[in-house]
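Written out below as structure tokens is the structure these notes cover.
Every read-out reported here was derived from the displayed coordinates using simple, explicitly stated rules and does not represent laboratory data. Quick caveat, the model's predicted, so the values are computed rather than measured. As a convention, Cβ positions derive from the backbone with ideal geometry for all residues, glycine included, and neighbour counts pool all protein chains shown.
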There are 2 protein chains.
Amino acid sequence: MTYCVGLMLERGLVFMSDTRTNAGVDNISTFRKMHCWEVPGDRVMVLMSAGNLATTQAVVSILDERTKATQERDPSLLAQPSMFQAASLVADALHEVIERHADAGQRADAAFNATLILGGQIAGGPPRMFLIYPEGNFIEAGEDTPFFQIGETKYGRPILVRAFDKGLSFEAAVKLLLVSFDSTVKANLSVAAPFDLQIVETDALVLGRSRRIAPDDPYYTAVSENWGRALKNALDLLPDYEF
Amino acid sequence: MTYCVGLMLERGLVFMSDTRTNAGVDNISTFRKMHCWEVPGDRVMVLMSAGNLATTQAVVSILDERTKATQERDPSLLAQPSMFQAASLVADALHEVIERHADAGQRADAAFNATLILGGQIAGGPPRMFLIYPEGNFIEAGEDTPFFQIGETKYGRPILVRAFDKGLSFEAAVKLLLVSFDSTVKANLSVAAPFDLQIVETDALVLGRSRRIAPDDPYYTAVSENWGRALKNALDLLPDYEF
């Protein structure tokens with residue numbers, strides 16, 4: 001499967017995605033699920049994808065081609081006047097790709113589906129983040145729902161629900177994300193490191209810091225080990241049930 | 001949905017189930033999903049169910065009726081020579097109920113499915129616990145997989161994976177279960193208190209302590225609140241990521 005999370009903080013957006021893809025359990029590969037575009041000073045966009053790899057790669061290729069030869073191939077992601085228009089464009093591309101294969105006489109009804117998270121900022125507007133459904137519609141993150149997850153979302157959700165705070169520093173946000181990812185990896189074979197990390201600082205209008213966090217990354221392994229211990233300690237500190 | 005967990009400890013079995021059932025999101029009810037049978041000194045059995053309520057109630061009714069008029073209505077759960085035979089009987093009843101409705105021209109293919117956890121002990125044998133699938137086959141808990149979850153299993157799994165230990169006291173096991181249930185309740189509307197708790201002590205051959213833990217149970221609310229704080233503290237104690 002996949003696990004991707006986008007956080008909307010006061011100071012900007014933080015994106016993290018895993019890289020495992022699998023067809024069944026015996027055909028495992030590593031693919032990047034995070035794609036970035038920028039026009040320094042004008043716009044920055046990050047797209048993460050979960051679902052059928054052929055679909056998500058086709059969507060990214062379509063969007064990418066259009067940005068590279070904008071004269072011939074409109075509409076381009078880099079020419080949209082707002083993040084809302086950009087999300088519409090991505091949603092249309094996604095719907096188009098899914099429809100194309102659905103029409104090809106295929107019977108695997110859900111197999112070509114994909115879900116996307118698109119976030120970024122265009123000069124003149126605030127940072128915005130969208131969750132785009134395979135049907136081609138989408139929702140936007142706001143005050144009340146300041147983060148989106150796609151893919152194998154359940155294992156890593158409790159810690160996000162409990163500990164997310166829009167005032168987090170980027171450093172603390174990465175820590176929170178790694179704990180959420182680690183909970184997922186520990187419970188589900190279809191999600192695995194390396195993880196891709198991308199920061200988009202508010203009003204910077206260039207791509208911020210990014211990292212590929214390897215399975216043996218010292219910080220990640222330390223978080224993983226210490227979090228297990230910390231959980232046990234936290235549990236020990238709670239009083240036992242009394243009958 | 002539902003959330004039920006059965007733990008296999010050295011000192012016995014611990015069962016916990018929620019009580020929420022829902023058809024869609026606007027038809028919410030409370031139903032007991034845990035059913036117990038005992039013949040003091042001879043056997044004790046606990047059955048928990050997740051899935052279609054009509055199916056699981058029918059299975060329990062069939063099993064229950066047979067135990068009450070054993071002469072007429074064999075085979076009875078109370079006459080089986082081993083827990084394995086008891087699990088076979090339950091599995092057959094489940095498969096029979098699902099088949100009956102599947103044959104009735106219904107098209108909702110998965111809608112009648114249910115999954116069960118059966119645990120208990122029969123004199124002369126050890127405590128055993130089984131996970132029974134809608135197809136009528138089942139697997140048994142052992143050293144390597146000492147707990148089973150059914151229903152909405154993902155949210156509450158990370159803490160079980162991290163903190164389960166077969167040497168736990170019953171009191172600590174209930175605490176662990178409540179944390180796992182609370183993580184699920186916080187993230188998913190289809191799981192909710194009250195929770196039913198049943199202990200089966202090894203070689204006691206009578207039903208052990210049992211409780212219904214209400215949504216406003218002081219211990220549960222304390223665990224819920226303190227666990228949120230403990231998680232945040234544990235996270236704070238980890239060093240932040242450094243770019």
- request: Report the net charge of residues surrounding B:L118, where surrounding means a beta-carbon distance below 11 angstrom and charges are Lys +1, Arg +1, Asp -1, Glu -1.
  value: 0
- prompt: If you put a point 7 Å past Cα along the Cβ direction, how far is that point for B:H101 from the same point in each other copy, in nm, smallest first?
  reply: 3.4
- prompt: About its Cα centre, how strong a charge dipole does the range A:3-237 have in debye, to the nearest 20, once Lys and Arg get +1 and Asp and Glu get -1 at the Cβ?
  reply: 500
Given chain B, longest segment not containing exposed loop GluC sites (Glu not before Pro) (DSSP; at most 14 other Cβ within 10 Å): B:144-241
query: Which chain B residue comes nearest the axis with its C-beta when you rotate B onto A, and by how many angstrom?
result: B:K154, 2
query: Can you give me the relative contact order of chain B as a percent, contacts being Cα pairs under 8 Å and 6 or more apart?
result: 27
message: If each label sits 7 angstrom from Cα along the C-beta direction, how far apart, in nm, is B:S61 from its counterparts in the other copies?
response: 5.6
query: Given B:A141, B:L78, B:I159, which one lies farthest toward the positive end of the charge dipole of the range B:3-237, if we put +1 on the Cβ of every Lys and Arg and -1 on the Cβ of every Asp and Glu?
result: B:I159
query: So, counting K/R as plus one and D/E as minus one, what does the shell of residues with Cβ under 10 Å around A:D196 add up to?
result: +3
- line: Footprinting proxy, B:Y241, B:Y133, B:Y3: sorted fewest to most Cβ within 10 Å, the residues are B:Y133, B:Y241, B:Y3
- request: Apply the membrane-span-like helix rule to chain A: whole DSSP H runs, Cα extent along the own long axis of at least 27 Å, mean Kyte-Doolittle hydropathy at least -0.5. List the helices found.
  value: A:83-102, A:218-237
- request: Give the total of Lys-Lys pairs in chain B with Cα-Cα distances below 28 Å; include a pair only if its members are 8 or more places apart or on different chains.
  value: 15
- request: Please report A:V25, B:V200 as a ranked list, fewest other C-beta atoms within 10 angstrom at the top and most at the bottom.
  value: A:V25, B:V200
- prompt: How far is B:E242 from itself in the other copies, in nm, if each label sits 7 Å out from Cα along the Cα-Cβ line, shortest first?
  reply: 4.6
task: Calculate the tail of P(r) for chain A: the fraction of all Cα-Cα distances greater than 25 Å, expressed in %.
output: 43
